[in-house]
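Written out below as structure tokens is the structure these notes cover.
The values are calculated or read from the model by the stated rules, or taken from the named source; none is laboratory data. These figures come from a predicted structure and were not determined experimentally. Here Cβ is always computed from backbone atoms with ideal geometry, including for glycine, and neighbour counts include all displayed protein chains. Heads up: the accessible areas ignore ligands, DNA and RNA and are worked out on the full protein's heavy atoms, side chains in. Shrake-Rupley method; radii C 1.70, N 1.55, O 1.52, S 1.80 Å.
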Amino acid sequence: MAAITRLAKRAFVVSSLARRCLSSSVVNCHAPPHDATSFRPFPLREDSSKRCVQWVFLGCPGVGKGTYASRLSNLLGVPHIATGDLVRDELTSSGPLSSQLSEIVKQGQLVSDEIIISLLSKRLVAGEAKGDLGFILDGFPRTIKQAVSFFTLEILEGVTDIDLVINLKLREDVLLEKCLGRRICNQCGGNFNVASINIKAENGSPGIIMAPLLPPENCISKLITRSDDTEAVVKERLRIYNEMTQPVEEFYRSRGKLLEFNLPGGIPESWPKLLHALNLDDYEDKRSAAA
């Protein structure tokens, strides 16, 4: 845990700047970001060696947290830590938690706070040893107990100074269709989605178009479906998530750290608008020009 504390101390200056910037934009921080241009998180440093981003992605299972967190991770040069990946890595290991996690996943239940915190703590210590200067968390905190513990230093000894919580929103019927369309290549490990979503606008709700994310030809015959991607399991995951995470959203909203982003469509429609909401559109342009 001492290693985690050292990471938090190095992050103090940048995190303090983030708090000052967020406090000036709290009134609009939970408006739909692609309509609210006044939300602006802290300005990123050009020197990546001095940058420390400590962000969290919230959102229902299947909403795309991993996709957007991974893209931001590559853009900003900080690691993307997905608790779902930590759980899956543990499942494939011969560790003491493997059999217990296997039964939990099959039943569509959420993994306990204690297990998630243990896996995350181990990952943060490993990141500190490699010289990580921040993180983008995906799937944590998921419960109010995790959020409060993270905020009050009761569990992770200092890695609590979250700069921003990005809450991705998507209609439940679209989420269900997306989850049932997920596929994994059992050879390369690539993630794909065969669902082609085209929902027309009606009753004041906007239409949503999401093209499938199809695999290359050499992966087509090797696609498999995750064992927990059945309709019954997905619906149960969504129910549990909504029940347990609403207090987490309110926890961060009350502290001026929550940005709610309603996904307007697939990646081509949503990514530029998310960058604009995060004040990163110019930053991506500069990175592209320098490449």
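Give the residues of segment 180-234 that are surrounded by 14 or more Cβ atoms within 10 Å (Cβ to Cβ), under 23 Å from the mean Cα position of the chain (by Cα) and among the β-branched types (Val, Ile, Thr), sorted by residue number.
Ile184, Val194, Ile197, Ile208, Ile209, Thr230, Val233, Val234
Search segment 78-93 for residues being surrounded by 15 or more Cβ atoms within 10 Å (Cβ to Cβ), over 11 Å from Leu120 (Cα atoms) and not aliphatic (A, V, I, L, M), and hand back the single one that is modelled with the lowest pLDDT.
Filtering segment 78-93 for residues that are surrounded by 15 or more Cβ atoms within 10 Å (Cβ to Cβ), over 11 Å from Leu120 (Cα atoms) and not aliphatic (A, V, I, L, M), the one modelled with the lowest pLDDT comes out as Glu90.
How many of the residues in segment 235-273 are in a strand (DSSP E or B) and either of a type in the set (Gly, Ala, Ser) or open to solvent by less than 20 Å² (accessible area, probe 1.4 Å) (or both)?
Summing the residues that are in a strand (DSSP E or B) and either of a type in the set (Gly, Ala, Ser) or open to solvent by less than 20 Å² (accessible area, probe 1.4 Å) (or both) in segment 235-273 gives 3.
How about segment 207-232: which of its residues are among the β-branched types (Val, Ile, Thr) and in a loop (DSSP other than H, G, I, E, B)?
Correct list: Thr225, Thr230.
Tell me, which residue of segment 131-154 that is surrounded by fewer than 16 Cβ atoms within 10 Å (Cβ to Cβ) and not aliphatic (A, V, I, L, M) is modelled with the lowest pLDDT?
Glu154
Return the total of residues in segment 230-269 being touching a Pro at 6+ places or on another chain (Cβ under 6 Å) and polar (S, T, N, Q).
Number satisfying all stated conditions: 1.
Kindly indicate which of Leu168, Leu164, Leu175 is crowded, with 17+ Cβ neighbours inside 10 Å, at pLDDT 85 or above and out of contact with any strand residue (DSSP E or B) (no Cβ under 8 Å at 6 or more places or on another chain).
Only one candidate passes the filter, namely Leu175.
Val56: at pLDDT 85 or above, under 20 Å from Leu170 (Cα atoms) and assigned to a loop (DSSP other than H, G, I, E, B), yes or no?
no
Going through Glu128, Glu157 one at a time, which residue ends up being at pLDDT below 80, among the acidic types (Asp, Glu) and in a helix (DSSP H, G or I)?
Glu128
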